[in-house]
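Let me begin by presenting the structure, written as structure tokens, before commenting on it.
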Amino acid sequence: MSLYNITHFIEEALNNIRRNAFVTVITVGTIALSFLILGVFLIIFSNLKDITSSWQEQIQIVAYLKEGLSSADITSLEEKIRAEREVSSAHFISKDKALSEFKKDLANQTGLLDGLGENPLPAYFEVKIKKAYQDSGAVSSLAERFKKIKGIEDVQYGQEWVENLSSFLDLMVIAGLVVGGLVSLAVILIVSNTVKLTVYARAEDIEIMKLIGATDWFVKIPFLIEGVVIGLVGAFLSIAILFGIYQLLMQRLSLNAGILLGKFSIAFLSWPDIAILLFAGMLLGLFGSFVSVGRFLKV
Amino acid sequence: MIQMFHVSKYYDNYPALRDISLEINKGEFIFITGPSGAGKSTLLKLLFCAERSYEGQILIQGRNIARLSDSKIPYLRRNMGVVFQDYKLLQHRTIYENVAFTLKVIGMPRSEIKRKAYFVLKQLGLEHKLDSFPIKLSGGEQQRAAIARAIVNEPAILIADEPTGNLDYNLSMEIFEILKDINVRGTTVIVATHNREVLNKMQRRIIALEKGKIVSNG
């Protein structure tokens, strides 16, 4: 393709957008609105995911140790724990440390502890789990293995809570896929059909160009560029509107609900999400144009 | 230049053309005439490949057009200017842009396009309408613009389907004078018309069709 043709195609596409300003504005608006819905969904979904993954990070196993272990025993225990592939970190808490932390937690009722003679609290390991294994099956099987290690008295990991969290996460992923799938399908249909309208409005032009001796690609390429530009601008506009709404909402939230919600905050779309939306806009514009121009080229 | 051998064309079993055989020589100016529905437009459509299914053989400049693949048709059309009764101008483009488009299609350099388009529009008396849109022009002006677009790349053949169908006698004669000029410069001109007055005045070869058959040729 020569430089002459490339300039011609870009010029044609931009002129077409200008010549059909009204249709273009309607199309860009429709695309922006449908992407807005997709964007809102993405924000809700990704924020929910962030919240639940912060919950998941709190999943840990506490392995209480038997009394009277030597420091060499403790070191070998730590090695055994760390050797498990699910373990991301293991932090040793001595008897004394356990007591001082307990005291700290009960700061107002220190009197209660005065009656204690010897320190009754066992030493323990706080074991964090790697992300990939933060589900109830993996955690309980790891806990079972810990129980069998000599020197470990008992193991706790909040079994019920982990199980509930796991099933909630599964449900969320399924709901996300279903809703996201439906929203995406709607966006695909709306955008590609709207782009088609811009082409249908010029079906006669396509026929005339072909009769003059234009090749299929000569007619098609400006429409494809136009589709890409319209899709991209529509998607960009939706992100800009979404960001405006987001800023406004966050201001209101921090003013009115800051106390209620504490440190709660909503994250905007991530850069990869923004890139995906823009790319999807371009691709849908291209696809809509491609399919509809093809229909009128048989002259 | 153009040869047709036993060409028939059917629309849903209805014969639009029946066993047409004719030869048009290079540089000729011929009329195709006949009442509405006689097959004039169909015959022209076969020539510029707007209709592609037919019986028989059509040769244009020695090439059998039935054998042309879809991708080769644009190149045949570039050697052929077509003028339509309804002008078929691109409504969202100026007259200059309409004419220039024909040259852009063949990849002509910009400066050359400007020169040629301006020259042909001046020749047809439209130099003051370069920046006007088709809708702002009278019927006669639109038809002249359509002719300008058809001849700007100096095609070997000019096909005009009822080019004066919407115009009065004086404007019609003006258009035919232009077509005559183009013919004098070497272009083969084929015009479909049922305008008797024009036919009588122009004194050219006439092929008369009736119900899809040639009833007179000469």
> Helix A:159-200 sits at what angle to the longest principal axis of chain A, using alpha carbons and giving 0 to 90 degrees rounded to 10?
Replying inline: 10 degrees
> Which cross-chain or sequence-distant (5 or more) residues have an amide H under 5 Å from the amide H of B:Ile32, H modelled 1.01 Å from N in plane?
Replying inline: B:Val191, B:Ala192, B:Thr193, B:Ile207
> Taking Cα atoms, how many degrees apart are the long axis of helix A:136-147 and the longest axis of chain A, rounded to 10 and kept between 0 and 90?
Replying inline: 20 degrees
> Between A:Leu48, A:Leu99, A:Leu277, which gets the highest mean-square fluctuation from a Gaussian network model of chain A, Cα cutoff 10 Å?
Replying inline: A:Leu99
> Among A:Lys128, B:Lys40, what is the fewest-to-most ranking by other Cβ atoms within 10 Å?
Replying inline: A:Lys128, B:Lys40
> What number, in percent, do you get for the relative contact order of region A:168-299 if the mean sequence gap of Cα pairs under 8 Å and at least 6 apart is divided by its residue count?
Replying inline: 49 percent
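Which value in deg cm²/dmol, rounded to the nearest 500, describes the helix-derived mean residue ellipticity at 222 nm for chain B, given -39,500 (n - 2.57) per DSSP H run of n ≥ 4 and division by the residue count? Spell out each step's value before the answer.
Numbers: 7 runs with 74 residues, N = 218.
Value at 222 nm, helices only, nearest 500: -10000 deg cm²/dmol.
Rounded to the nearest 500, what is chain A's calculated 222 nm mean residue ellipticity when only DSSP H runs of at least 4 contribute -39500 (n - 2.57) each, over all residues?
After summing the helix terms and dividing by residue count, I get -25000 deg cm²/dmol.
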> Who wins for biggest fluctuation among B:Asn183, B:Asn98, B:Asn200 in a Gaussian network model of chain B, springs between alpha carbons below 10 Å?
Replying inline: B:Asn200
> Where is the GNM fluctuation largest for chain B (alpha-carbon springs, 10 angstrom cutoff): B:Gly56, B:Gly81, B:Gly107?
Replying inline: B:Gly107
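Can you figure out the FRET efficiency of A:Ile276 with B:Arg63, using R₀ = 45 Å and their beta-carbon distance, to the nearest 0.05? Each step should come with its number before you reach the end.
On the way: r = 51 Å, r/R0 = 1.13.
My answer for the efficiency is 0.30.
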> Which Cα, out of A:Val191, A:Gly117, A:Ile208, lies furthest along the positive dipole direction of region A:101-224 (beta carbon charges, K/R +1, D/E -1)?
Replying inline: A:Ile208
> Between A:Ile6 and B:Tyr14, how many nm apart are label points set 7 Å from Cα along the C-beta direction?
Replying inline: 5.1 nm
>> Please compute the average number of Cβ atoms from other chains found within 10 Å of each residue's Cβ in peptide A:211-222.
In response: 6
> Using Cα atoms only, what is the angle between the long axis of helix A:271-296 and the major principal axis of chain A, expressed in degrees (0 to 90) to the nearest 10?
Replying inline: 30 degrees
>> With a cut-off of 8 Å between alpha carbons and a minimum separation of six or more residues, what is the relative contact order of chain A in percent?
In response: 31 percent
> Can you give the mean number of other chain Cβ atoms that lie within 10 Å of the Cβ atoms in peptide B:70-82?
Replying inline: 4
> Considering amide H positions built from the backbone, and no H for Pro or chain starts, which residues 5 or more places from B:Val83, or on another chain, come under 5 Å of its amide H?
Replying inline: B:Ile159, B:Ala160, B:Asp161
> Label A:Ser54 and A:Ala186 with points 7 Å out from Cα along Cα→Cβ: what is the distance between them in nm?
Replying inline: 2.9 nm
> With the contact rule set at Cα under 8 Å and sequence spacing of 6 or more, what percent relative contact order holds for chain B?
Replying inline: 31 percent
>> At R0 = 30 Å, how high is the FRET efficiency between A:Asn164 and A:Glu118 if r is their beta carbon distance? Nearest 0.05 is fine.
In response: 0.20
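Over the whole of A:31-38, what's the average partner chain Cβ count within 10 Å per residue? Rounded to a whole number, please.
The per-residue average across the peptide is 0.
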> Relative to the present Cα-Cα distance, how much length would full extension add between A:Met250 and A:Lys104 at 0.36 nm per residue of separation?
Replying inline: 49.0 nm
>> Can you list residues from other chains, or at least 5 along the same chain, whose modelled amide H is less than 5 Å from the amide H of B:Gly56?
In response: B:Ser8
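We did not get these values from a lab; they are worked out from the coordinates using the rules stated. Just so it is clear, the structure is predicted and the values come from calculations on it, not from any experiment. Because the Cβ atoms are built from the backbone with ideal geometry, glycine has one as well, and the counts that use them run over all protein chains shown.
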